[in-house]
Amino acid sequence: MATTVKDPVVSTPPPTVKDGVSFLAGRLRQIGIFVALLVIVTLFQVLTGGALLQPDNVSNIIVQNSYILLLAIGMVMIIVAGHIDLSVGSVAAFVGAMSGIMVQDWNFPWWAAFVASMVIGGLVGAWQGFWVAYVGIPAFIVTLAGMLVFRGLTQIVLGNQRITGFPEEYRQLGGGFLFPGLFPAETNLLDWTTVGLGVIAVVLLVVTQLRGRATRARLQLEDEPQAWFVTKLAFIVAIILGLTYLLASSRSGTPIVLVVLGVLIVGYSAVMNNSVFGRHIYALGGNLQAAQLSGINTRRIDFMLFVNMGVLAALAGLIFTGRLNSAGPGAGNLFELDAIAAAFIGGAAVTGGVGTVIGAITGGLIMGVLNNGMSLLGVGIDVQQFIKGMVLLLAVGFDVFNKRRASNALK
Amino acid sequence: MAENILRMRRITKTFPGVKALQDVNLDVVRGEVHAICGENGAGKSTLMKVLSGVYPHGTYDGDIEFEGSIAEFRDIRDSERAGVVIIHQELALSPFLSVAENIFLGNEREKRGFINWNETNVEAAKLLRRVGLDLNPVVRARDIGVGKQQLVEIAKALSKNVKLLILDEPTAALNDEDSAHLLGLVKGLREEGITCIIISHKLNEIREIADSVTILRDGRTIETLSLHDGSVTEERIIRGMVGRDMESRYPDRTPSIGEEVLRVEDWTVHHPQESTRVIVDAANLSVRAGEVVGVAGLMGAGRTELAMSIFGRSYGSNITGTLYKNGTPITAKTVGDAIRHGIAYATEDRKRYGLNLIDDIKRNISGAALGKLAKRGWVDGGRETVVAGDYRRSMNIKAPSVTSITGKLSGGNQQKVVLSKWMFSDPDVLILDEPTRGIDVGAKYEIYTIINRLAGEGKAVIVISSELPELLGICDRIYTLAEGRITAEVPIAEATPELLMHYMTKEKD
């Protein structure tokens, strides 16, 4: 513990193989989840005889899981703050139903229905946030109530009837693709829109990473070894390009929802890492009393988190409704559990203070690939449930085990 | 007669980095009331935890001889079977269970796993009568007062056939009437042949009921005095508690004291849940720029409560009184307000209230003033790292980098992170609550140097401490606090440990 470091910029000895191994061991916890995803993808790719990574199937996995991934972003933020939200499935269903009523019965244009739906989601979140943050009722209770209340409201406003026949524009968000007619698959080898997007993403990624590393070097901050940095970057670039290729050779190119999701992932990662708001979430989740005694308005943050979750749940409801072209009384059932599972598989801590957006997304993808892969193999729903349950248990068990080992190392 | 029920021999207990007890000896005669005295942190509670098996055999060095044979208690149940029962300062009754259930908790009157309610309640009523409580045993523990809860704890101990009863600060939370009743009960137990060890700060109480007193200081036994002939005065006990070693453990400082920065007038604070219980009673104090002011008080005197209530009302209810900053009255209803008014409070319990232990050094340092590093809500991470690096150097925080997790640092380095955090919030007044608790001697010197530097920069510093030598070594002026009241204001030139302890133990007239 008491390593005497007089000067942080001491010249470091050249790295050895042993250093590299211990560095990788230290990173294992962070990269473990990505490795797990890769292992699962490889496993099912082999088991399904290559069907998993067929272009159209990849596109399908993304669209199928988009609303869960979206919910997982808001959910991991709430979990980092030490709360939980059990109501998101019902809220998504309620907003979907309201949007259906708006476009069908009240003749709202699709965009007005979208805006109004997000506002409804925000109000629902404000309602729940009020009870959690300002009245002080545990989020588990408030959102358990919300799960029932908004499921009930969904059924009431729909009169237990399903709404179908949504306008074309509305359905684009959940089921549409980017410029589908521009490069028809019949005449083009690849969908060049997708290729362009992929290349832009890679360029942006490499530029920001290099600039960040240069800044850290200028500030003489200790950084990861160059070899690791290059390997990591090359790996991520390879994944993006691989995904780009698969989508570009699929029937329709880039799903619109993937673009929405990508923007939200990047945006919310930045919020969690670099904004005052995000940093305060980690602070209050890590030690609520210390955060309060540091002058952080923890109630306001709790409130805002639920408002945010409400808006994301609304967006998920719109995507889901658009994709199915239907708003029904049973929509969004069990979404909350998938989103919570995604956050925890992705490394969020049950006690709060730990968790990342990218981890939750990876956790959600693990669940999505498991679902899809097992369905391709013809595994029944019963066995699927069993396996998903065990994955969740083992992932959190691994986390608890890791933490115990770390705290024992302190003694 | 003088047969010893308990002999503790050369007990040594070490925590990481701190030797809490060193070669402590304790002899307790059967059937006596034996008091243990010492400043906070002298090792009294640790010694009792060793005795009662909270720290099991094997985690300490030395021998415990109980009733003539060596005792190797593995846990509390083990020591209770032998007849050693400890009643902790924080009462451990389960609030929603009945008094009878609490008395027999873990020791149920049962038959094949089913509770015999009649026997439970009848036996409980008998035990309650023994401690002088006329109470229906089926009422819930939370529905009776603190004084009665204390008596229920004793009844619980009696149900376990106690031979040696340990009471840790039993009257700290009681009013005079309840205290008198409790002390009378302890005398009654002595008549029944039960031996008592009582830890207390109230020296008049000790002189009233104890047969002998053992004094601990800095984890060592200083002396055991017999109180039978009445020749031992309170002053004599105090002298043993505070000792006389005041070497150059404190860096020199030439104070340059300026204008008054903070003044607290007529400050009264009530308990957060029991809004009629007075915790801080019409306190008046002030601190000037460049001045280090001490607040001395024993456990339960209301030191932390006073500080936290000033710091944005983060403790208490029904707070009345006025704060003046640079001569003008201010209101600081939230911690945020207090920080904006230039007040900082570094907690006595840095792990629970001071740090996010799972996060790194730089994010802890920036935690109270993240806004200073942000533009339109976005944090400049580079500048944050630079700022944290500066503090790491100037405060000599020993860690591989500013991204080290604070939970892995030693106590002294954690404290430096807490101090850095508050220095970064750029306060005019720093309230430091037990700034050297749980820190080894070398790091203490560094903390004192930092305090001197802060005062030298013109900050007003209030130091709360239960270590009198520390206050005498670093302060310009010392307030004493007893039972929530400021009992004296002593300039450093006149301050002696004896005088301070006299005011710290001064009870309400």
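The values are calculated or read from the model by the stated rules, or taken from the named source; none is laboratory data. Given the structure is predicted, the values throughout are model-derived calculations rather than measurements. Note that we place each Cβ from the backbone using ideal geometry, even for glycine, and neighbour counts take in every protein chain shown. Please note that ligands, DNA and RNA were not included when accessible areas were found on the heavy atoms of the full protein model with its side chains. Shrake-Rupley method; radii C 1.70, N 1.55, O 1.52, S 1.80 Å.
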Practice item. Throw me the Rg/Rh for chain B, computed over C-alpha atoms with Kirkwood Rh, two decimals. Key: 0.99
Point to revise | Other-chain or far-sequence residues with amide H under 5 Å of B:A296's (modelled H) | key: B:Y479, B:T480, B:L481
**Study point:** Cβ-based net charge around B:K459, under 14 Å, with every Lys or Arg adding one and every Asp or Glu removing one
**Key:** -3
Practice item. Could you calculate the FRET efficiency of B:R7 with B:K126 from 1/(1 + (r/R0)^6), where r is the beta carbon distance between them and R0 is 35 Å, rounded to 0.05? Key: 0.55
Exercise for review: Work out, step by step, the length gained on full extension between B:M299 and B:Q273: first 0.36 nm times the residue separation, then minus their alpha carbon distance; give nm to one decimal.
Suggested key: 7.4 nm
Study note, to complete from the structure: Ignoring ligands and nucleic acids, B:I199 exposes an accessible area, probe 1.4 Å, in Å² to the nearest 10, of 0
Check your understanding: Distance in nm between label sites at A:I200 and A:D56, each 7 Å beyond Cα in the beta-carbon direction?
Key -> 2.8
**Study point:** Area hidden from solvent between B and A (accessible, protein heavy atoms only, 1.4 Å, total, Å²)
**Key:** 2700
Exercise for review: Please give the calculated 222 nm ellipticity per residue for chain A, where each DSSP H segment of at least 4 residues contributes -39500 (n - 2.57) and the sum is spread over every residue; nearest 500 deg cm²/dmol?
Suggested key: -24500 deg cm²/dmol
Review point. If R0 is 51 Å, what FRET efficiency do you get for B:N284 and B:I70 from their C-beta distance, rounded to 0.05?
Key: 0.40
Point to revise | Signed unit charges on C-beta, dipole axis of segment B:4-242, positive-most listed residue B:L165, B:I5, B:A71 | key: B:A71
Check your understanding: Nearest 20 debye, what's the magnitude of the dipole of segment B:362-424 about its Cα centre given +1 on Lys and Arg Cβ and -1 on Asp and Glu Cβ?
Key -> 20
Review point. If one puts a single equal scatterer on every Cα of segment A:185-254 and applies the Debye formula without solvent, what log₁₀ I(q)/I(0) results at q = 0.13, 0.21 Å⁻¹?
Key: -0.48, -0.84
Point to revise | chain B, accessible area per residue, ligands and nucleic acids excluded (1.4 Å, Å²) | key: 42
Point to revise | Formal net charge of residues neighbouring A:I345 (Cβ-Cβ distance under 13 Å; K, R +1; D, E -1) | key: -1
Practice item. Any aspartates and glutamates with Cα under 15 Å of the B:K375 Cα? List them, leaving off those in the same chain fewer than 8 positions away. Key: B:E384
Check your understanding: Which whole-number percent is the relative contact order of chain B (Cα, under 8 Å, 6+ apart)?
Key -> 15
Point to revise | Over chain B: helical MRE at 222 nm, DSSP H runs n ≥ 4 each giving -39500 (n - 2.57), nearest 500 | key: -9000 deg cm²/dmol
Review point. Using the Cβ atoms and a cut-off under 12 Å, what net charge is assigned to the surroundings of B:E90, where Lys and Arg are +1 and Asp and Glu are -1?
Key: -3
Review point. Looking at segment B:408-432, which residues lose a minimum of 30 Å² of accessible area between their chain alone and all protein chains in place, measuring with a 1.4 Å probe and not counting ligands or nucleic acids?
Key: B:K408
Exercise for review: Taking the Cα centre of the protein assembly as shown as origin, work out the dipole magnitude from +1 charges on Lys and Arg Cβ and -1 charges on Asp and Glu Cβ, in debye rounded to 20.
Suggested key: 2320
Review point. What angle, in degrees between 0 and 90 and rounded to the nearest 10, separates the Cα long axis of helix B:411-424 from the longest principal axis of the Cα atoms of chain B?
Key: 40
Check your understanding: Going by a ≥ b ≥ c, the root eigenvalues of the Cα gyration tensor, does chain A fall in the rounded group (a/c under 1.5), the prolate group (a/b larger than b/c) or the oblate group?
Key -> oblate
Check your understanding: On average, how much accessible surface per residue is there in chain A, in Å², for a 1.4 Å probe, leaving out ligands, DNA and RNA?
Key -> 48
Exercise for review: Compute the convex hull volume of the Cα atoms of segment B:148-212, divide it by the residue count, and report the result per residue in Å³ as a whole number.
Suggested key: 80
Practice item. In whole Hz, with x marking every Gly and Pro, tabulate ³J(HN,Hα) for segment B:220-234 from phi via Karplus 6.51 cos²θ - 1.76 cosθ + 1.60, θ = phi - 60°. Key: 10, 6, 9, 6, 10, 10, 8, 9, 5, 8, x, 7, 7, 8, 4
**Study point:** Within the accessible area of the protein assembly as shown (1.4 Å probe), percent carbon and sulfur
**Key:** 57
Revision key, fill the gap. For B:L185 the rounded accessible area (nearest 10 Å², probe 1.4 Å, non-protein molecules ignored) is 20
Check your understanding: With contacts defined as alpha carbon pairs under 8 Å and 6 or more residues apart, what's the relative contact order of segment A:284-411 in percent?
Key -> 20
Revision key, fill the gap. Taking only the alpha carbons of segment B:4-242, the radius of gyration and the largest Cα-Cα distance, Dmax, both in angstrom, are 18.0, 57
Check your understanding: From the square roots a ≥ b ≥ c of the eigenvalues of the alpha-carbon gyration tensor of the protein assembly as shown, which class results: rounded (a/c under 1.5), prolate (a/b over b/c), or oblate?
Key -> prolate
Check your understanding: For segment A:153-228, what does the alpha-carbon gyration tensor say about shape, rounded, prolate or oblate, given a ≥ b ≥ c as the root eigenvalues, a/c under 1.5 as rounded, and a/b over b/c as prolate?
Key -> oblate
